[in-house]
1. Over the chain, what is the relative contact order in whole percent, taking alpha-carbon pairs under 8 Å and six or more residues apart?
2. Carbon and sulfur: what percent of the range 70-166's accessible surface (1.4 Å probe)?
3. For a test of the definition: using alpha carbon positions, the gyration tensor, and the 1.5 limit on a/c, classify the range 82-136 as rounded, prolate or oblate.
4. Check the chain and count each lysine pair with an alpha-carbon distance under 16 angstrom, considering only pairs eight or more places apart or from different chains.
5. Mind checking Rg over Rh on the range 95-165, alpha carbons, Kirkwood formula for Rh?
6. Comparing 154, 74, 135, which has the greatest mean-square fluctuation in the GNM of the chain with Cα pairs linked when under 10 Å apart?
7. So how many Å³ per residue does the convex hull of the Cα atoms of the chain work out to?
8. Trypsin sites (Lys or Arg not before Pro) within the range 49-95: which are DSSP loop residues with at most 14 other Cβ atoms inside 10 Å?
Amino acid sequence: MSEEAVKSESPYVLRCFVNGKEELIDTKPAARLLTIVRDELSLTGTKRSCEIGRCGACMVLIEGKAVNSCLTMAYQCSEKQITTIEGIAVQGMDPVQQAFLEEGGFQCGYCTPGMIISVKALLDENPDPSDDEIAEALSGNICRCTGYGGIWRAVKRAAEGRRQTT
């Protein structure tokens with residue numbers, strides 16, 4: 001057995017903070033964060049879809065940055081703050097979620113958690129994004145239902161709400 005194979009089978013305890021709660025998870029270092037979030041922690045708002053980092057349905061925040069959890073390994077999450085869609089609304093509905101509701105930024109809803117995570121990361125970093133910055137932030141998320149009109153309006157509304165409160 002190769003050294004890499006031994007490492008991937010060796011016991012590993014992931015210590016991270018998911019939605020503000022410390023988690024100690026027995027896993028493999030190369031286990032995907034998507035699997036850990038959904039199967040170990042039962043946080044099923046993070047969606048499993050393409051599993052190759054192209055659709056954005058599995059987006060989570062790690063240290064405030066939007067990442068594809070299907071491409072993130074357990075060892076990369078050690079000691080990190082991870083926020084799933086469930087953690088966005090811990091203190092009531094987030095303004096990004098509210099904007100998606102008000103502007104019809106969803107249809108079937110499958111991509112919505114990932115979209116909201118991406119928009120939250122964008123607006124936390126830049127509360128007044130340009131159209132190009134919005135397009136870039138959403139470029140990793142695919143929606144097959146809405147045509148993006150409602151999503152785009154939701155981003156604009158959430159950004160407007162941020163500007164009014166700052």
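1. 22
2. Reported share for carbon and sulfur atoms: 49 percent.
3. oblate
4. Step by step, the pairs that qualify in the chain add up to 5.
5. Rg divided by Rh gives 0.92.
6. 135
7. Hull volume over Cα atoms, normalised by residue count, gives 116 Å³.
8. Here the sparse-neighbourhood loop sites are 54.
The values are calculated or read from the model by the stated rules, or taken from the named source; none is laboratory data. Model, not experiment: these values are computed from the prediction. Every residue, glycine as well, gets a Cβ built from its backbone with ideal geometry; the counts of neighbours run over all protein chains shown. Note: accessible area is taken over every heavy atom of the protein model, side chains too, but ligands, DNA and RNA are not part of it. Shrake-Rupley method; radii C 1.70, N 1.55, O 1.52, S 1.80 Å.
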